[in-house]
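Trainee: Pasting a structure below so you can have a look.
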Amino acid sequence: MRLRHIKNAQEVLHERSDLVVLDPIAHQGKWRDLYPKAKALHLEIGMGKGQFILEMAKRNPDILFLGLEKQASVLKKAIDKVEKKEDNCWFILGDAEELLSMFLPQEVDKLYLNFSDPWPKKRHTKRRLTASHHLEQYTVLLSSQGTIEFKTDNRHLFEFSLRMFTEQGWILDELSLNLHEDKQDNSESLVTTEYEDRFVTKGNIIYYVRIKKWKE
Ligand SMILES: C[S@@+](CC[C@H](N)C(=O)[O-])C[C@H]1O[C@@H](n2cnc3c(N)ncnc32)[C@H](O)[C@@H]1O
C-alpha cells in the first residue's frame with residue numbers, strides 16, 4: 001500500500017517537469033535561467049505543501065522562488081494545490097544535506113526556514129536545519145548581502161538556533177518573540193505556512209528571526 005503511494009507520487013512529479021526540478025545538481029549555477037528576469041533568488045528549505053512559497057511568488061514577480069522538499073509524497077500534495085503555475089516559482093525534490101552540490105557559492109539571496117522539524121532529542125541535533133554544519137553551508141551559498149528568515153513555534157529549537165547563529169557570527173537583523181501579535185496592525189504583509197496556520201489556531205506563539213552576516 002505504502003509502496004503504491006510512493007510510486008504514485010514519483011509518477012506525478014515526473015509528469016510535472018514544468019513545475020518540479022528532479023535533478024537539482026544539473027541546475028547548479030544555472031538556476032536563474034529558469035526565470036531570467038529575476039532580480040533575486042529566494043529558497044525555502046523544507047517547503048512542505050507549498051502555501052508560503054506560492055503566495056510569495058504571486059506577491060513578488062521580480063524574484064525567482066525555489067522550494068526544496070525531500071519527501072516526494074509531500075511535494076505531490078504541493079503540486080495538487082497549484083491552480084496556476086507561476087513563472088517565477090519552482091519546486092525541487094532534494095535534501096538540504098546536498099545544498100552545496102545544488103547551488104554555487106553566493107547563488108542564493110535569501111533563505112527561508114519555516115517550521116523546520118525540531119528534532120528534540122540530543123542525539124538528533126545534527127538533523128536540525130539550524131545545526132552548525134547547515135549554517136556553514138548557508139554561509140557559502142548566500143550572496144554577500146544574503147539573509148535568512150527563520151520561523152518556528154518551538155521554543156527549544158528557537159533558543160538552540162539563536163545560539164548557533166550567534167556562535168557562527170551571524171547578526172540578528174530583526175527578532176520577534178510573538179510574530180503574529182507584533183504584526184497585528186499589518187497582518188496582510190504576513191505570508192503564512194500550513195504549519196503556522198495550524199499552530200496559530202491552536203494558540204501557539206510564533207517566534208521569528210532574520211539574520212545576516214554583513215554589517216551596514
Ligand atoms: C514541519 S514541516 C514544515 C513544512 C512547511 N515549511 C510549513 O511550515 O508548513 C518540515 C518539512 O521540511 C521537510 N524537510 C525536513 N528536512 C529536510 C531536508 N533535509 N531537506 C529538505 N526538506 C526537508 C520535511 O519533509 C517537511 O515537509
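The values are calculated or read from the model by the stated rules, or taken from the named source; none is laboratory data. Every value quoted in this text rests on a predicted model; they were computed, and no experiment measured them. Cβ: placed from backbone, ideal geometry, glycine included. Neighbour counts: every protein chain shown.
Trainee: With respect to LEU68, determine if the residue is surrounded by 20 or more Cβ atoms within 10 Å (Cβ to Cβ) and within 14 Å of the ligand (Cβ to nearest atom).
Mentor: For LEU68, the condition - surrounded by 20 or more Cβ atoms within 10 Å (Cβ to Cβ) and within 14 Å of the ligand (Cβ to nearest atom) - is met.
Trainee: Residue by residue through region 114-157, note down the ones that are within 10 Å of the ligand (Cβ to nearest atom) and either among the aliphatic types (A, V, I, L, M) or under 15 Å from the mean Cα position of the chain (by Cα) (or both).
Mentor: Scanning region 114-157 gives ASN114, PHE115, SER116, ASP117, PRO118, ARG128, LEU129, HIS134, LYS151, THR152.
Trainee: Is there a residue in region 80-94 that is touching a strand residue (DSSP E or B) at 6+ places or on another chain (Cβ under 6 Å), of a type in the set (Phe, Trp, Tyr) and closer than 21 Å to ALA9 by Cβ? Can you show your working first?
Mentor: Taking region 80-94 first, the residues touching a strand residue (DSSP E or B) at 6+ places or on another chain (Cβ under 6 Å) are 88-92, 94.
If we keep only those that are of a type in the set (Phe, Trp, Tyr) too, we end up with 90-91.
After this cut, where a residue has to be closer than 21 Å to ALA9 by Cβ as well, the list is 90-91.
Within region 80-94 (the criterion being touching a strand residue (DSSP E or B) at 6+ places or on another chain (Cβ under 6 Å), of a type in the set (Phe, Trp, Tyr) and closer than 21 Å to ALA9 by Cβ), the answer is yes, since at least one residue qualifies.
Trainee: Report the residue count in region 48-91 for those that are under 11 Å from the mean Cα position of the chain (by Cα) and either touching a residue at least 60 places away in the same chain (Cβ under 8 Å) or in a strand (DSSP E or B) (or both).
Mentor: 8
Trainee: Looking at region 136-162, which of the residues that are touching a helix residue (DSSP H, G or I) at 6+ places or on another chain (Cβ under 6 Å) and among the polar types (S, T, N, Q) is surrounded by the fewest Cβ atoms within 10 Å (Cβ to Cβ)?
Mentor: Of everything passing the filter in region 136-162, GLN137 is surrounded by the fewest Cβ atoms within 10 Å (Cβ to Cβ).
Trainee: So, one more: Output the residues belonging to region 183-211 that are at pLDDT 95 or above, surrounded by fewer than 19 Cβ atoms within 10 Å (Cβ to Cβ) and among the charged types (D, E, K, R).
Mentor: Those that are at pLDDT 95 or above, surrounded by fewer than 19 Cβ atoms within 10 Å (Cβ to Cβ) and among the charged types (D, E, K, R): GLU194, ASP197, ARG198, LYS202, ARG210.
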